[in-house]
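One structure is given below, represented as structure tokens, and several questions about it will come after.
The values are calculated or read from the model by the stated rules, or taken from the named source; none is laboratory data. Since the structure is predicted, the reported quantities are computational estimates derived from the model, not experimental observations. Please note: Cβ atoms are built from the backbone with ideal geometry, for glycine as well, and neighbour counts cover all protein chains shown.
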Amino acid sequence: MSQPLQNDLYLRALNREETSRTPVWVMRQAGRYLPEYLKVRKQAGDFMTLCSTPDLACEVTLQPLDRFNLDAAILFSDILTIPDAMGLGLHFETGEGPKFSNPVRTRADVEKLPIPDPMDSLRYVMDAVSTIRRELNGRVPLIGFSGSPWTLATYMIEGGGSKDFSKVKGMLFSDPESLHMLLDKTAQSVISYLNAQVESGAQSLMIFDTWGGVLSPENYREFSLRYMQQIVDGLKRESDGRKVPVVLFTKNGGQWLDIMADTGCDGLGVDWTTNLADARIKTGDRVALQGNLDPSVLYGSPEVIKHHVQKVLDSYGPGPGHVFNLGHGIHQFVNPEHLGVMVEAVRELSTR
Ligand code: 1CP
């Protein structure tokens with residue numbers, strides 16, 4: 001039997017229900033800006049060992065909650081677990097980002113990719129989810145997540161991070177059928193992965209489309225949004241008698257918030273390049289909005305941080321449906337105390 005939630009502000013805000021204040025959590029809230037994270041990471045030896053050891057993944061998930069008054073926990077893992085389970089050989093080179101030993105380059109590479117069974121090759125993620133859910137003991141809801149098919153495909157084809165996306169865009173314009181086959185297989189993998197996370201205890205889901213914003217409007221619809229739609233349609237939307245809200249986040253996707261809302265998701269992540277008042281108009285208040293403080297504001301003084309928190313709250317304005325967050329992940333070199341200032345400012349300034 002799972003514990004009843006002591007703090008369900010996050011789930012209520014995503015359902016656009018009235019809340020006593022605006023809930024807050026932060027993308028990458030567990031990570032390198034926290035000295036206690038760096039310690040556990042060192043103990044684990046490498047990042048994938050940290051992700052695949054449920055007790056350690058649980059420990060780092062809870063670290064930011066022990067320090068700050070956050071209203072949600074996010075599973076400590078990575079979006080690249082799915083391509084790794086498809087056989088691409090994920091590794092992290094020191095000082096560099098993720099790399100794949102076996103990137104996808106040809107039609108034959110796409111055809112041989114398996115759709116991973118989440119209870120088999122991704123079992124370690126499900127074990128982390130159930131461990132975290134047990135240790136949270138009802139404190140706050142647990143967010144599960146995955147990358148969008150387009151964003152995962154960029155890493156799978158480029159073989160790691162990229163600046164110009166030449167290989168994935170090369171495939172888009174020279175062999176779109178193979179890219180569609182890859183995106184469809186990835187979408188099917190994401191659906192079973194996220195549904196397994198819900199069965200293991202995730203209470204809300206977020207899909208990170210970090211690289212959708214590098215596409216033209218036409219290509220965004222065809223190569224990114226279409227596959228996020230497939231995912232929204234395939235997800236379990238209820239668990240334990242409660243709705244499991246789904247949030248889509250396309251970085252730099254402000255111009256597409258209306259068509260993203262059309263997917264039937266519950267919330268949209270918004271980065272700082274879009275004003276929340278404009279985002280509400282564009283989506284017709286059909287979905288909740290999550291965001292959107294510029295992460296660099298945390299380099300400012302406590303006064304500057306409070307001022308910008310107020311501006312974000314004011315830009316959303318009155319009415320339910322706002323989850324406070326940064327517009328993208330917290331930077332590595334931010335002073336953790338500044339995040340504390342931000343969280344306390346949101347609690348204080350949004351109390352109704
Ligand atoms: O300790 C380290 O050196 C690893 C740094 C790190 C961390 C802390 C990576 C490698 N991944 C993570 C955790 C992570 N990644 C979480 C944990 C939960 C949280 O606290 O938020 C989440 C949700 C992600 C998701 C993720 N990974 C995204 C989507 C969100 C985003 O930030 O845009 C992406 C694009 C990745 C890929 C990835 N993994 C790691 C790095 C450094 C990158 C970016 C690579 C690049 O494109 O440059």
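Check region 286-300 and report whether any residue there is more than 21 Å from the chain's Cα centre (by Cα) and either buried (at least 17 other Cβ atoms within 10 Å of the Cβ) or within 25 Å of Val246 (Cβ to Cβ) (or both).
Scanning region 286-300 turns up no residue that is more than 21 Å from the chain's Cα centre (by Cα) and either buried (at least 17 other Cβ atoms within 10 Å of the Cβ) or within 25 Å of Val246 (Cβ to Cβ) (or both).
Within the set of pairs 6 or more residues apart or between chains, which connect a residue that is within 27 Å of Cys58 (Cβ to Cβ) and of a type outside the set (Asp, Glu) inside region 197-221 to a residue that is assigned to a strand (DSSP E or B) and more than 16 Å from the ligand (Cβ to nearest atom) with Cβ atoms less than 7 Å apart?
Val198/Ser239
What number of residues within region 163-219 satisfy the criterion of being within 13 Å of the ligand (Cβ to nearest atom), part of a loop (DSSP other than H, G, I, E, B) and of a type in the set (D, E, K, R)?
Matching residues across region 163-219 total 2.
Does Val40 meet the test of being within 16 Å of the ligand (Cβ to nearest atom) and either modelled with pLDDT under 95 or farther than 26 Å from Thr351 by Cβ (or both)? Let's see the steps before the verdict.
Working: within 16 Å of the ligand (Cβ to nearest atom): yes; either modelled with pLDDT under 95 or farther than 26 Å from Thr351 by Cβ (or both): yes.
Criteria met by Val40.
Just the residues that are buried (at least 18 other Cβ atoms within 10 Å of the Cβ) and either free of Cβ contacts under 8 Å to residues at least 40 places away in the same chain or in a loop (DSSP other than H, G, I, E, B) (or both), please, taken from region 13-27. Show your work before the answer.
Quick first cut of region 13-27, residues buried (at least 18 other Cβ atoms within 10 Å of the Cβ) only: 13-14, 16, 19, 22-27.
Of everything in region 13-27, those that are buried (at least 18 other Cβ atoms within 10 Å of the Cβ) and either free of Cβ contacts under 8 Å to residues at least 40 places away in the same chain or in a loop (DSSP other than H, G, I, E, B) (or both) turn out to be Arg16, Thr19, Thr22, Pro23, Trp25, Val26, Met27.
Tally the residues that are within 9 Å of the ligand (Cβ to nearest atom) and of a type in the set (Asp, Glu), restricting the search to region 73-106.
Of the residues in region 73-106, 2 are within 9 Å of the ligand (Cβ to nearest atom) and of a type in the set (Asp, Glu).
Tell me the residue from Val129, Val125, Val140, Val110 that is surrounded by 15 or more Cβ atoms within 10 Å (Cβ to Cβ), more than 24 Å from Cys58 (Cα to Cα) and touching a residue at least 60 places away in the same chain (Cβ under 8 Å), please.
Values: Val129 fails: more than 24 Å from Cys58 (Cα to Cα); Val125 fails: more than 24 Å from Cys58 (Cα to Cα); Val140 fails: more than 24 Å from Cys58 (Cα to Cα).
Exactly one of Val129, Val125, Val140, Val110 is surrounded by 15 or more Cβ atoms within 10 Å (Cβ to Cβ), more than 24 Å from Cys58 (Cα to Cα) and touching a residue at least 60 places away in the same chain (Cβ under 8 Å), namely Val110.
Has region 255-267 got any residue that is surrounded by 14 or more Cβ atoms within 10 Å (Cβ to Cβ) and closer than 19 Å to Thr19 by Cα?
yes
Considering every residue within region 4-25, establish whether at least one is modelled with pLDDT under 95, out of contact with any helix residue (DSSP H, G or I) (no Cβ under 6 Å at 6 or more places or on another chain) and more than 30 Å from Gly321 (Cβ to Cβ). Please lay out each step first, then the result.
Taking region 4-25 and keeping what is modelled with pLDDT under 95, we get 4.
With the extra rule that they be out of contact with any helix residue (DSSP H, G or I) (no Cβ under 6 Å at 6 or more places or on another chain), the set shrinks to 4.
Those left that are additionally more than 30 Å from Gly321 (Cβ to Cβ): none.
No.
In region 228-251, what residues are within 17 Å of the chain's Cα centre (by Cα), closer than 13 Å to Val190 by Cα and more than 16 Å from the ligand (Cβ to nearest atom)?
Across region 228-251, the qualifying residues are Gln229, Val232, Leu235.
Here is a list: Asp55, Asp120, Asp66, Asp8. Which entry is more than 10 Å from the ligand (Cβ to nearest atom), crowded, with 16+ Cβ neighbours inside 10 Å and of a type in the set (Asp, Glu)?
Details: Asp55 fails: crowded, with 16+ Cβ neighbours inside 10 Å; Asp120 fails: crowded, with 16+ Cβ neighbours inside 10 Å; Asp66 fails: crowded, with 16+ Cβ neighbours inside 10 Å.
Only one candidate qualifies: Asp8.
Out of the residues in region 96-112 meeting the condition of being under 27 Å from Gly144 (Cα atoms) and either out of contact with any Gly (no Cβ under 7 Å at 6 or more places or on another chain) or among the small types (Gly, Ala, Ser) (or both), tell me which one is modelled with the lowest pLDDT.
Our first condition is that a residue be under 27 Å from Gly144 (Cα atoms); within region 96-112, this holds for 96-104, 110.
With the extra rule that they be either out of contact with any Gly (no Cβ under 7 Å at 6 or more places or on another chain) or among the small types (Gly, Ala, Ser) (or both), the set shrinks to 96-97, 101, 104, 110.
Values: Glu96: 84, Gly97: 91, Ser101: 97, Val104: 98, Val110: 98.
Result: Glu96.
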